[in-house]
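> The structure is given below, and queries will be raised subsequently.
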Amino acid sequence: MTTDADTADVRPAWRAHGTSRRSTHVLRLRACAALVAVTVLAVLLVPPLVQLDQQAVDLAAKLEPPSWAHPFGTDDVGRDLLLRCVYGLRVSLLVGVVAALTATVIGTAVGAAAGALGGWADRLVMRLVDTLSSVPHLLLGIFIVAMFRPGVWPVVISVALTHWLSTARIVRAEVLSLRSRPFIDAAVSGGASRWRVTVRHLLPGVLPQAGLAAVLMVPHAMWHESALSFLGLGLPTHTASLGTLIQGARGSLLAGQWWPTLFPGLFLIVPTLAVAGLAGAWRERINPRRRSELML
């Protein structure tokens, strides 16, 4: 039998546990925000201040280990690896952001149309989404990129056309949920057309979910671009991107030089984890019930 004294002992411990969880959550969120800020500042400020010749060769400084002169060492032709990683991160981040925004616009339009129209149109669109989802993203991306010359825009098109499916599902589900709300019934009863209801009421209601999907898609798009470039199907080999840097460092890794592979990999992993952490905080903010469960 539980006494009042036992209950009094449990409550402070429960509150302390919740406070500890909240402080850890805030610390993790601040760390993610700081990493994202550093990443954005690096890709915006470093390239205009320090010019990089993508095709420069300095064989005298070939594969030097990390030092004060070259904090990340040099690559197999003597170029500074830190500067190359910053340039590569800029290209990968550009591809990820543009592809994520494009895919979000496509997915939002398709999902909103399917949810607003309903009936046979909804079933037809979702069967198309299911069919495309059954094909692996990377395989479909390789097929699309292979039709173009290597470059940034073929990779953007490939990633955008293979990553809108999840956004379409999320937006459709949100639209179907909003259609059952009383204010939608009131708008329809007041004589509002389906187009007006969709534009004025449904689309604003799904924007938070669509924005969250876009943020979550940026790391995924960066990894997709890196995979294509690693396979030699994305950007040209002389263009610095994280995928091409890792691809070009395979021979060095087999020879025992670890830094040409490690640092581009960290430049890919750390920013994507930071963006995913911020997106998780956003998801908790727009879903108060899940947030309250995490704080227990």
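> Out of (1) exposed (fewer than 12 other Cβ atoms within 10 Å of the Cβ); (2) among the β-branched types (Val, Ile, Thr); (3) modelled with pLDDT of 75 or more, what's the single condition that is false for residue 43?
Every condition holds for residue 43 apart from (1).
> Can you pull out every residue in the range 152-173 that is within 17 Å of the chain's Cα centre (by Cα), open to solvent by 60 Å² or more (accessible area, probe 1.4 Å) and hydrophobic (A, V, I, L, M, F, W, C)?
157, 161, 170
The rows are residues; the columns are (1) in a loop (DSSP other than H, G, I, E, B); (2) modelled with pLDDT under 85; (3) of a type in the set (A, V, I, L, M, F, W, C); (4) under 20 Å from residue 86 (Cβ atoms).
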{"site": "24", "(1), (2), (3), (4)": "no, yes, no, no"}
{"site": "28", "(1), (2), (3), (4)": "no, yes, no, no"}
{"site": "39", "(1), (2), (3), (4)": "no, no, no, yes"}
{"site": "48", "(1), (2), (3), (4)": "no, yes, no, yes"}
{"site": "51", "(1), (2), (3), (4)": "yes, yes, no, yes"}
{"site": "54", "(1), (2), (3), (4)": "yes, yes, no, yes"}
{"site": "64", "(1), (2), (3), (4)": "yes, yes, no, yes"}
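> Another question about this same structure. Can you pull out every residue in the range 71-92 that is in a loop (DSSP other than H, G, I, E, B) and either over 19 Å from residue 244 (Cβ atoms) or among the hydroxyl-bearing types (Ser, Thr, Tyr) (or both)?
The answer is 71, and nothing else.
> Which of the residues spanning the range 133-151 are in a helix (DSSP H, G or I), β-branched (Val, Ile, Thr) and surrounded by fewer than 18 Cβ atoms within 10 Å (Cβ to Cβ)?
Scanning the range 133-151 gives a single hit, 142.
> Something else about it: Pick out the one residue from 216, 233, 254 that is surrounded by fewer than 18 Cβ atoms within 10 Å (Cβ to Cβ) and either out of contact with any Phe, Trp or Tyr (no Cβ under 6 Å at 6 or more places or on another chain) or under 30 Å from residue 78 (Cβ atoms) (or both).
254
> Then there is this: Filter the helices (runs of 4 or more DSSP H) completely within the range 174-272 down to those with at least 2 residues that are within 16 Å of residue 152 (Cα to Cα).
203-230, 242-248
The values are calculated or read from the model by the stated rules, or taken from the named source; none is laboratory data. Keep in mind that what you see is a predicted model, and the values were worked out from it rather than measured. As a convention, Cβ positions derive from the backbone with ideal geometry for all residues, glycine included, and neighbour counts pool all protein chains shown. All accessible areas refer to the heavy atoms of the entire protein, side chains included, with ligands and DNA or RNA removed. Shrake-Rupley method; radii C 1.70, N 1.55, O 1.52, S 1.80 Å.
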